[in-house]
1. State all residues of segment 40-52 that are part of a loop (DSSP other than H, G, I, E, B), crowded, with 17+ Cβ neighbours inside 10 Å and either without any contact (Cβ under 8 Å) to a residue 60 or more places away in the chain or under 8 Å from the mean Cα position of the chain (by Cα) (or both); if no residue qualifies, say none.
2. Might you let me know whether segment 162-173 holds any residue that is of a type in the set (A, V, I, L, M, F, W, C), surrounded by 14 or more Cβ atoms within 10 Å (Cβ to Cβ) and over 17 Å from the mean Cα position of the chain (by Cα)?
3. Select from segment 125-161 the residues that are without any contact (Cβ under 8 Å) to a residue 40 or more places away in the chain and surrounded by fewer than 13 Cβ atoms within 10 Å (Cβ to Cβ) and write down the one among them that is nearest to the chain's Cα centre (by Cα).
4. Identify the single condition in (1) hydroxyl-bearing (Ser, Thr, Tyr); (2) touching a Phe, Trp or Tyr at 6+ places or on another chain (Cβ under 8 Å); (3) at pLDDT below 90 that residue 95 does not satisfy, given that it satisfies every other one.
5. Select from segment 53-99 the residues that are among the small types (Gly, Ala, Ser) and within 15 Å of the chain's Cα centre (by Cα) and write down the one among them that is farthest from residue 124 (Cα to Cα).
6. Using the structure shown, decide if residue 118 is touching a helix residue (DSSP H, G or I) at 6+ places or on another chain (Cβ under 6 Å), among the charged types (D, E, K, R) and within 24 Å of residue 61 (Cα to Cα).
7. Would you be able to say whether some residue in segment 25-39 is surrounded by fewer than 16 Cβ atoms within 10 Å (Cβ to Cβ), of a type in the set (Val, Ile, Thr), at pLDDT below 50 and part of a helix (DSSP H, G or I)?
8. So which strands (runs of 3 or more DSSP E) are wholly in segment 63-176 and hold at least 3 residues that are over 16 Å from residue 52 (Cβ atoms) and not acidic (Asp, Glu)?
Amino acid sequence: MRKKLCASGILLFGFLLFGVISAHASSLPGNEVAAAPQRIYCNVYTSIACFNIGAGDKLEMSLPADFLLYDIQLASSVKVRIYQGHNPETDVFKSARPCKAQAGTPRCSYVRSASVRDVLYDSGIKNRPLLHIHIEAPVGEDSAKVVREFLAGFHPCSRSPTALTCTHEQIFSEIN
């Protein structure tokens, strides 16, 4: 028991000493380090993409069958439903336009009306699900800005048996 306490004490002392030395060294002239801005890229993850919702936004996730649904309430009364699965509703996309592709965005198409947008994203990785993003937004510049910012926050992800890796690339930043 004494050895464990002693070892813990040494570790704690070492940690505190490191903190004091680091704080002192950074305050010495010539050691100024500019703090890198911290940006949250994603706080919601799917198996092929991640996205960000802001403070005050509401998210409900459900698993009705062999697919996932994300129901989101954003600012300015913007409602979003994201389907992640292998059988999205394709009738909506008969008159779809391709997204202006970013590097690494194999297949993306969208349909837009005054108050509704539907976006279909396929990561291009075999046997991965698709994302169908359905957005209902009141007509107006405030809502349009919320929708643009929400879509610009999607980043592609790939998974391995042990990890989900997402990039800083924006999937839908160029949807017009």
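The values are calculated or read from the model by the stated rules, or taken from the named source; none is laboratory data. Here the structure is a predicted model, which is why all the values come from computation and not from measurement. A quick note on method: Cβ atoms are made from the backbone with ideal geometry, for glycine too, and the neighbour counts reach across all protein chains shown.
1. Looking only at segment 40-52, we keep the residues that are part of a loop (DSSP other than H, G, I, E, B), and these are 40-43, 46-48, 52.
From what is left, the residues that are crowded, with 17+ Cβ neighbours inside 10 Å are 42, 46, 48, 52.
Result: 42, 52.
2. No, the conditions are met nowhere in segment 162-173.
3. 160
4. Answer for residue 95: the failing condition is (2).
5. Pass one, segment 53-99, residues among the small types (Gly, Ala, Ser): 54-56, 62, 65, 75-77, 85, 95-96.
Right, trim to within 15 Å of the chain's Cα centre (by Cα) and you get 54-55.
Values: 54: 28, 55: 32 Å.
Once the filter is applied, the top-ranked residue is 55.
6. Working: touching a helix residue (DSSP H, G or I) at 6+ places or on another chain (Cβ under 6 Å): yes; among the charged types (D, E, K, R): yes; within 24 Å of residue 61 (Cα to Cα): yes.
Criteria met by residue 118.
7. Just the residues of segment 25-39 that are surrounded by fewer than 16 Cβ atoms within 10 Å (Cβ to Cβ), to begin with: 25-39.
Then drop every residue that is not of a type in the set (Val, Ile, Thr), which leaves 33.
Subsequent filtering for residues that are at pLDDT below 50 retains 33.
Of the ones still in play, those that are also part of a helix (DSSP H, G or I) are none.
No, there is no match, as no residue in segment 25-39 is surrounded by fewer than 16 Cβ atoms within 10 Å (Cβ to Cβ), of a type in the set (Val, Ile, Thr), at pLDDT below 50 and part of a helix (DSSP H, G or I).
8. Details: elements: 68-73, 79-85, 107-112, 116-122, 130-136, 155-159, 164-166.
Strands (runs of 3 or more DSSP E) meeting the threshold: 79-85, 107-112, 116-122, 130-136.
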